[in-house]
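I am attaching a structure below and will ask some questions about it afterwards.
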Amino acid sequence: MGLLRRILKNGRAAESAVPTDRAVPKAGDLGGSVQVRHVDAGSCNGCEIELGQAFSPVYDAERHGVRLVASPRHADVLTVTGPVTVNMAEPLRKTHAAMPEPRLVVAVGDCARDCGVFAGGHGVLGPVADVIPVDLHIAGCPPRPEQIVAVLRGLSGR
Amino acid sequence: MNPTGTALITALLLAATAALAALVFPAAWRARVVGTLVAGTGSSGVWAGAAALSGHGWDADLPRLLPLAGMRLAVDSLSGWFLLLIGAVAVAVGVYTIGYAGPGGRGAGSRPSLSLLPVFVGALLLVPAAGSVPTFLLGWELMAVTSLGLVATEHRHHAQVRSATVWYAAMTQAGFVTVLIGLTWLAAAAGTDFTAVRATAGVLSPAVKNAVFVLCLVGFAAKAGAVPLHPWLPRAHAEAPSHVSALMSAAMVKLGVYGLVRVGFDLLGGGPRWWWLTIAAIGALSALYGIMQAAVATDLKRLLAFSTSENIGLILLGVGFAGLYNVEGARGLAALAMAAALLHTLNHAGFKALLFLGAGSAVKATGTRDLDQLGGLSRRMPATTMLVAAGALGAAALPPGNGFVSEWLLLQSLLHQPGAGAVLAIAAPTAVAVIALTAGIGVATYVKAVGTGFLARPRRAAAAGATESPPSMIVAMIAVALACAVLAVLPTITLPAIGRIVASLHLVSPPLDGGLTAIQLSGYTTRFWPLWLAAAIVVVTGLVAVLARRFGRARRRAVAWDCGDGPLTSRMEYTATSFAEPLQRVFDDALAPERDVDVTHHEESAYHVQAIAYRQRIPDRIENRFYQPLLRAVERLGLAGRGLAPGVMHRYLAYMLTALIAVLLAGVIR
């Protein structure tokens, strides 16, 4: 009964579905199911928190056919955050190479686009696009979960 | 003399020659000569068996050969089946010995070991050929003693070999004593000759029959390695040289089954329901316990030994249900269950001989039996790996392996049970469930054995530096693999012989027909085409591979995923322990593994861990619960017995006087 009471008291916690980002081209080859592998190439983890939120029960990206997976071998889409550091450049390349085709790369956050405040810093190699080909950017420092979900939803087309 | 007799006598003479040759020839030639002669013994055994199975029964009296009782040999179709099986295994083992023992003259190539080997093979052939109680007991004991000597071959090198030998000696002799008492009792009541026993078995009192059966069951089940009389088996099979393990596992333990069938069905002419229920229950227990222990074993040969327990369990299930159906009046199904059991003895002999010979090849090359330390042999020893994989396919009881055919027949006999009587209605479905579970775990077990032992990368230098075994060993294994393949795709060639055997055991002919390529149960629509199934699997697999290459996406070469970091090492592979971990978790309550986790902390801070040591041991629970208390009790009794001999002369004189008076009194009263 305690659970039922709490459900009644709390009411609905989840946000309603985010509208699809129409600007994102639908990845037709993926057939509505998008498996995502995430790589942190040197981020401050702000983007990770928002990505985590995008897959949390509140925003629930999984209802749009998007799943986080544990290996690039299973993934269609690679999300990368942060400026690419020297130490993470090679693992990032390997991760990208390990993905089956067709594959898409989504750079999440401003640092992934242009290194943000870390530009020119010690150990920073450069933006993601310098290391692997990037298909989409999600702007923001960090981007809001809604933005992330909108883009992923655009990819899955659902 | 008819062909059976000629071949059998030839086999025994060849065995004797080989034993003498081992004593005479120098080390450089010993293995070659003895191996060839053992192979000759085996092929004569096969010839004798085939002749007996095609209807040439043979019996002979050799009254002067044994004092008091004389020897009597009698070969019928049931004997023929086991002669064929033993002979075939001996041929492979003989050829294998040439390479395995080698010219060094040590260990398996030593004089005692090589001279015992042919005697052992001869004794194995003598047991099913025995036609009287004394001959049978002679063969049985000769087999036990020679195999004991062979198990002890490497006793100088490893302490475990000595412990295994002691276990085997104790259990095999205890088993012999029960068989001795049982059969002597039978001989006293019904005559020593098997023909005389058969003639008078009908009028024996049920009490005598029951006692004889129970005593023989204990002895034969111990020899067959059935749970709970199995503790010698994983020890002896693991510690013996591999060609001996192959002979013991493929041929010797089958003689336990032979003994049960011979005494239970043939000599005593069947019995009450509880006999067969007991056999079936022992079979079910062996099957389950054996495969569970095999699934978590990390020692390759111990795994194979426990799998032997499992297969003996399946065979005993078949024998038990044959008797049970016979009592219930379902004679066709009884014949079918017996046919399945007999076919499984042959199939198991095939794939288990192959697996033990293959294991021997791997162990000889690497010096270790530990699956956790092997791995990567497929590159260094491709022939051995392929042959072991072929054996594992049979042992996993998946089509197109040969183990599948007999397990399928066994399941058919259980699924078509007539539904008469509460006992059958409960026992048959239970047996089906047991077989299903056993088969499932069996697949995991053999995937583990081949996958972690032979594939992937070598985990130790010993495995990395392995070299392929000499050609004689490979040839022997290829011969066994071919025999397995024939049994897998054309099992129907054995059906006429099996029909004759089953008919000779007071059962009807098994209700099977369907020509060369199909097996069909008469009266049912159930049908199975082993040849076409195997062909279909090969064709479909080939077709998929070709089509995928032709029409699929272009291949892309990439490194194995290593988490983006450094190269993969063999430390990251599945070991046998880690592969079996989920299964072990599932059967945690049944297996009761012992785990130790030692965490060492830094001196400065209890929060900093310096090292973690994890140890796990999966003990044989039946052994701990049942045998350890028994051994302790025997030890206490022995210590207490010392009190009887305090070294006082008067006491000893009093004992003698009392004994004398007791004997005299017994004589007078009688």
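The numbers here are math on the coordinates, done by the rules we state, and not lab data. Computed from a prediction, not measured in an experiment: that's the story for all the values here. Backbone-built Cβ (ideal geometry, glycine too); neighbour counts: all protein chains shown.
For n ≥ 4 DSSP H runs only, could you compute -39500 (n - 2.57) per run for the protein assembly as shown, divide by its residues and tell me the 222 nm figure to the nearest 500?
On the way: 31 runs with 499 residues, N = 828.
Rounded to the nearest 500, it is -20000 deg cm²/dmol.
May I pose another question? Counting other beta carbons within 10 Å of each residue's own, what order do B:Cys216, A:Cys44, A:Cys115 fall into, fewest first?
Working: B:Cys216 26, A:Cys44 18, A:Cys115 21.
Exposure proxy ranking, most exposed first: A:Cys44, A:Cys115, B:Cys216.
Continuing with the same structure: Just need the relative contact order of chain B here, percent rounded to a whole number, with Cα pairs under 8 Å and 6+ apart. Don't jump to the answer; show the numbers that get you there.
On the way: 1182 pairs, mean separation 74.2, N = 670.
Relative contact order for chain B comes out at 11 percent.
Right, next: Considering the alpha-carbon set of the stretch B:16-161 alone, what are its Rg and its Dmax in angstrom?
Rg, Dmax (Cα atoms, Å): 16.0, 49.
Which aspartates and glutamates have a Cα less than 17 Å from the Cα of A:Lys94, not counting those fewer than 8 places away in the same chain?
Hits, sequence-local ones excluded: A:Asp40, A:Asp76, A:Asp130, B:Asp562, B:Asp565.
Hey, another quick one. Go from 0 up to the bin containing the longest alpha carbon distance in the stretch A:1-139, width 10 Å each, and give me the % of pairs per bin.
12, 37, 31, 13, 6, 1
How would B:Val546, B:Val46 line up from fewest to most surrounding beta-carbon atoms within 10 angstrom?
On the way: B:Val546 10, B:Val46 21.
The most exposed by this proxy come first: B:Val546, B:Val46.
Over the stretch B:591-670, what lengths in whole Å, largest first, do the semi-axes of the equivalent ellipsoid take, defined as the square roots of 5 times the eigenvalues of the alpha-carbon gyration tensor? The partial results should precede the final answer.
On the way: eigenvalues 703, 71, 6 Å².
Gyration-tensor ellipsoid for the stretch B:591-670: 59, 19, 5 Å.
Please label the shape of the stretch B:84-165 as rounded, prolate or oblate, based on the square roots a ≥ b ≥ c of the eigenvalues of the alpha-carbon gyration tensor (a/c under 1.5 means rounded; beyond that, a/b larger than b/c means prolate, else oblate).
Details: a/c = 2.74, a/b = 1.47, b/c = 1.87.
Taking the square roots of the gyration eigenvalues as a ≥ b ≥ c, the stretch B:84-165 is oblate.
Considering Cα pairs under 8 angstrom that are at least six residues apart, work out the relative contact order of the stretch B:272-548 and quote it in whole percent. Walk me through the numbers on the way to the answer.
Working: 469 pairs, mean separation 63.1, N = 277.
Answer for the stretch B:272-548 is 23 percent.
Report the Cα-based extents of the protein assembly as shown along its three principal axes, largest first, to the nearest Å.
112, 73, 69
Here's another thing I want to ask about it. Leaving out same-chain residues fewer than 8 places away, which aspartates and glutamates sit with a Cα under 15 Å from that of B:Lys448?
Reachable aspartates and glutamates: B:Asp299, B:Asp370, B:Asp372, B:Glu573, B:Glu581.
Also, quick follow-up: Taking amide H atoms as placed 1.01 Å from N in the peptide plane, list the residues 5 or more away in sequence, or in a different chain, whose amide H sits under 5 Å from that of B:Arg72.
Under 5 Å from the amide H of B:Arg72 lie the amide H atoms of B:Leu62, B:Gly131, B:Ser132, B:Thr135, each far enough along the sequence or on another chain.
A further question follows. Order these by the 10 Å Cβ neighbour count, fewest first: A:Glu62, B:Glu310. It would help to have the intermediate numbers written out before the result.
Values: A:Glu62 14, B:Glu310 30.
Ranked by crowding around the Cβ, least crowded first: A:Glu62, B:Glu310.
How big is Rg to Rh over the stretch B:272-548, alpha-carbon atoms, Rh as the Kirkwood inverse-mean-distance radius?
Working: Rg = 19.6 Å, Rh = 19.4 Å.
Ratio of gyration radius to Kirkwood radius for the stretch B:272-548: 1.01.
Can you give the Rg and Dmax of the stretch A:94-158 based on its C-alpha atoms, in angstrom?
13.1, 42
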